[in-house]
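Reading through the structure tokens given below for one structure.
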Amino acid sequence: MKLLRLEFYKCRRRRITLICAGILAAQLLWFGAYLTRQDPEDLAQGWMLMLYNLALVDAILLPVGTAAVASRNCEIEHKGAALKLLETAITPGRLYGAKLAWGALVLLALVAVRTILFTALGVWMDFPGGVPWGRMGVFTLISWAVSMMLYALQQGLSLRFANQAVALVCGIFGSFVGLMSMLFPVWVQRCAPWGYYGLLSLTRMNWDEATRITDFYWRWPEPVDVVLLCLWAAVFLTVGRTLFVRKEV
Amino acid sequence: MLLRAIKAEVLKCCRAPVWLAFLVLPVFPAVLGTFNYLGNLEVLEDQWYSLWSQHTLFSSMFFLPALFGVFCAWQWRLEHTDHNWNAALTAPVPVGTLYLAKLAVDAVVSLLAMAFIGVLFVLSGKVAGITAPLPPELPRWLLFGALGGVVVCAVQLFFSLAIRAFAPPVAMALVGGVFGLMVTSQGWGAAFPYSLLALGMAANNPRMELPLPAFLAGCAVYLVLAAALSIRWLSRRDVSTA
């Protein structure tokens, strides 16, 4: 707990809130602009439309977003050779764990605030059918779990390489692959860790070519995809932690 | 003086692996775009033009601005670290020249990136079995895309100069790209710096006639504005080398 509190102290002037606010603002802008182009009959499936769009915009923004948050937290240790001092007091494994817990809390706050904001938007727009609280909760959990899996990857890279360009290029690449993978079959999405926002999405879209009508429907994620998500997270955690623990400082 | 400053900037880039990002990352939009084109041939009937939109639509909106953001952040990182500001600002080189030299390197990188994207596009078209002749607009898309890329770099150079960290300017480039998509869809692409790249590349609609006066005016305004702000920042602010 003390180490976790220290992580929050270290980051108190690193404008993490501003980065998170930027991500939220971009998501709100995206969905706001999308809503302005919809007819009233399109909004009959407003909640499904919202979760479908959020999965899409998560796939674009959160890979780079998690890369930016992880980079802000990890680059402080590269400055002034802080790791040399830190590792005389604590083991690198515990430091790695504290940083991961810090990231988990920040990302949890980000997705929770996002859910509150978008639920309020849905209520204000008067989407029919009442708030699907259960699905909003599961969607929040999925967004957080996928982001944590990517955060484990990004933290590993940000701690391994002092030059943060490596981690951020990986984040940009992830954003692109996450978005593009949605256009490909499921097995391709399963091979790309950034594609899990779309893969685990709670809504799918049917587009009727003849009538040009778009229809959304609810679904639950496949258990195999949840297992694969855990596997990806375990691989990133193990490799990232091992590389950090064995790193000569 | 400017030439010597550019030579110094090129020297700083030597042996830095940052160029790898520009060589490796454009391959993915090309491969994924081509697969998507081949998977939707019944809808995408416009051969080279359809393939171009598949290659460039997402990459020009989200991926290239952020990639240019990484390059610009890396350029200033060299000065932000190891007390290099002391050396950079006591050298007998005007701050304007320092900024313009970095921008000139960005312009070359932007041109090379576009040339590589063009090569990948032609190769992908051949692999996809497109038999029609190459679109005559291709050099224009690449040239104006490179110009849009220079504008993004000019703006990102200012952000990376003012913000002494790597990640926030890159995140801003991504958010700028998302916002640029909305601005472009409203028909105001020439008025927003991050839209100019996609507009120049005609990523949204390759058959579109580029509004040249508005596009060039947008490029000129943002280039001058970003350069003026950066040079003012460099000449008025005291350096911090911590």
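All of the numbers you see were taken from the coordinates with simple rules; none came from a lab. The structure displayed is predicted, hence computed values, not measured ones. Note that we place each Cβ from the backbone using ideal geometry, even for glycine, and neighbour counts take in every protein chain shown.
Structure summary
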| read-out | value |
| --- | --- |
| Sequence-distant aspartates and glutamates (8 or more away, or on other chains) whose Cα lies within less than 14 Å of A:LYS79 | B:ASP82 |
| Top of A:TYR52, A:TYR196, A:TYR151 by mean-square fluctuation, Gaussian network on chain A, Cα under 10 Å | A:TYR52 |
| Neighbour-count order for B:CYS153, B:CYS14, B:CYS219, A:CYS230, fewest beta carbons within 10 angstrom listed first | B:CYS14, A:CYS230, B:CYS219, B:CYS153 |
| Between helix A:46-78 and chain A: long-axis angle, C-alpha atoms, 0 to 90°, nearest 10 | 10 |
| Helical mean residue ellipticity (222 nm; -39500 (n - 2.57) per DSSP H run of 4+; nearest 500) of chain B | -24500 deg cm²/dmol |
| Burial ordering of A:VAL177, A:VAL227, B:VAL170, A:VAL113, fewest other beta-carbon atoms within 10 Å first | A:VAL227, A:VAL113, A:VAL177, B:VAL170 |
| Relative packing of peptides B:46-52, B:117-123, A:45-51, B:189-195 - highest average C-beta neighbours within 10 Å first | B:189-195, A:45-51, B:46-52, B:117-123 |
| Qualifying trypsin sites (Lys or Arg not before Pro) for the range B:1-43 [loop in DSSP, other Cβ within 10 Å: at most 15] | B:ARG15 |
| The range A:145-162 and the range A:171-207: distance between their alpha carbon centers, rounded to Å | 19 |
| Peptide ranges A:239-247, B:199-207 listed from the most packed, as the mean C-beta count within 10 angstrom indicates | B:199-207, A:239-247 |
| For residues of B:62-68, the mean tally of beta carbons on other chains within 10 Å | 5 |
| Exercise: per-residue mean of other protein chain Cβ atoms within 10 Å, B:160-167 | 5 |
| Average beta carbon contacts from partner chains per residue of B:173-186, 10 Å cutoff | 5 |
| Kyte-Doolittle at least 0.0, axis length at least 30 Å by Cα - qualifying DSSP helices, chain B | B:95-127, B:138-162, B:212-236 |
| Under DSSP loop assignment and at most 10 Cβ neighbours within 10 Å, longest GluC sites (Glu not before Pro)-free interval of chain B | B:46-208 |
| Three-way shape call for the range A:115-155 based on the alpha-carbon gyration tensor, with the a/c threshold at 1.5 | prolate |
| The range B:27-69 and the range B:176-217: distance between their alpha carbon centers, rounded to Å | 17 |
| Segments B:95-104, A:154-163 sorted - mean Cβ within 10 Å per residue, highest first | A:154-163, B:95-104 |
| Ascending count of other beta-carbon atoms within 10 Å, so fewest first, for A:ILE19, B:ILE130 | B:ILE130, A:ILE19 |
| Rounded, prolate or oblate (a/c below 1.5 giving rounded, otherwise prolate when a/b exceeds b/c) for the protein assembly as shown by Cα gyration tensor | oblate |
| Alpha-carbon centroids, the range B:89-145 and the range A:82-144: separation in whole Å | 39 |
| Helix-only CD estimate at 222 nm, as mean residue ellipticity for chain A, using -39500 (n - 2.57) per DSSP H run (n ≥ 4) | -25000 deg cm²/dmol |
